[in-house]
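Colleague: So that we are looking at the same thing, I have put the structure below in structure tokens.
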Amino acid sequence: MKKSIRVSILLLAFVAVALLFQSFSKMAQAQTRPATPATQTTVVTHPPDITFLQLLLKGGWIMIPIGIASMIGLGLILERTVALRRSSIIPRRFLRDLKKIAPEGAENREAALRYCREHPSPISRIMAAGLRKLPQGQAAVERAVEDSGGVEVQRLRHNMRMIYGLTVITPMLGLLGTVSGMIEAFRITASAEGLGKAELLAKGIYEALVCTYAGLLVAIPILLVYYFFIRKIERYVSEMNELSIEFADHFLNYAPQRSLQANYETALKAEL
């Protein structure tokens with residue numbers, strides 16, 4: 001019984017909604033239907049053609065800081081593009097040539113250090129830090145390589161925070177310009193008299209939205225380049241880690257043998 005009552009209520013509600021929807025649609029058609037079809041005329045106006053620069057100039061004063069931010073972003077991107085070249089981070093055949101110069105590992109430490117100084121790069125500075133600590137043992141070498149690697153990663157990330165900051169600031173500047181323009185558009189529309197208020201409001205909103213458009217136009221490419229650089233840095237860091245392991249395998253092979261020899265000589269001197 002209760003179930004049939006619920007079904008009846010649902011059917012009545014559905015019918016009521018359908019009738020309301022039908023009545024609203026008829027009212028909308030009556031409002032949009034012209035009273036005198038014979039005198040109806042359609043006027044099609046084409047907006048005047050403007051250049052991209054003219055469109056941007058309609059954004060007002062806020063376009064100045066957005067333009068400055070775009071120039072700063074372009075300069076930072078060019079700087080990072082040059083700084084993050086593979087030839088300046090991990091030169092090709094660097095570790096292979098280093099092994100040729102020091103085929104016996106620690107026995108040729110000075111020659112290896114000289115080669116690192118003659119070929120400055122992040123990977124050479126990491127290797128040089130490890131080479132300097134070779135006499136102090138494996139733990140000291142690993143600690144020096146790790147510390148130097150951390151410093152070099154920070155150098156690779158130089159200016160990356162500023163680039164990311166521009167991707168946040170420029171849309172905010174565009175939004176600020178849009179809100180400011182909307183306030184001004186509504187103020188002018190409210191103080192206007194007679195006909196044409198809708199046209200004034202539409203013109204003000206159209207010009208205000210240019211600011212948001214410009215902010216996004218600057219931020220989106222910079223954000224894409226930022227993530228491209230981040231991926232590139234991560235790839236370099238991974239490769240430097242692999243080269244550091246290969247470096248340790250080559251230059252630390254002597255460490256256990258030398259340690260055993262030193263212990264043997266110490267014990268021999270104690271017995272004498």
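Each reported figure results from applying straightforward, stated rules to the coordinates on display, with no laboratory input. Given the structure is predicted, the values throughout are model-derived calculations rather than measurements. Cβ sites come from the backbone with ideal geometry, for glycine too, and all protein chains shown count toward neighbours.
Colleague: Roughly speaking, what is the centre-to-centre gap between the range 132-196 and the range 58-87 when only Cα atoms are used, to the nearest Å?
Modeller: So the two Cα centres are separated by 12 Å.
Colleague: What distance in nm separates the simple spin-label points at residue 239 and residue 110, each placed 7 Å from Cα in the Cβ direction?
Modeller: 3.3
Colleague: Using label points projected 7 Å from each Cα along Cα→Cβ, tell me how many nm separate residue 82 and residue 172, to one decimal.
Modeller: So the label points at residue 82 and residue 172 sit 3.0 nm apart.
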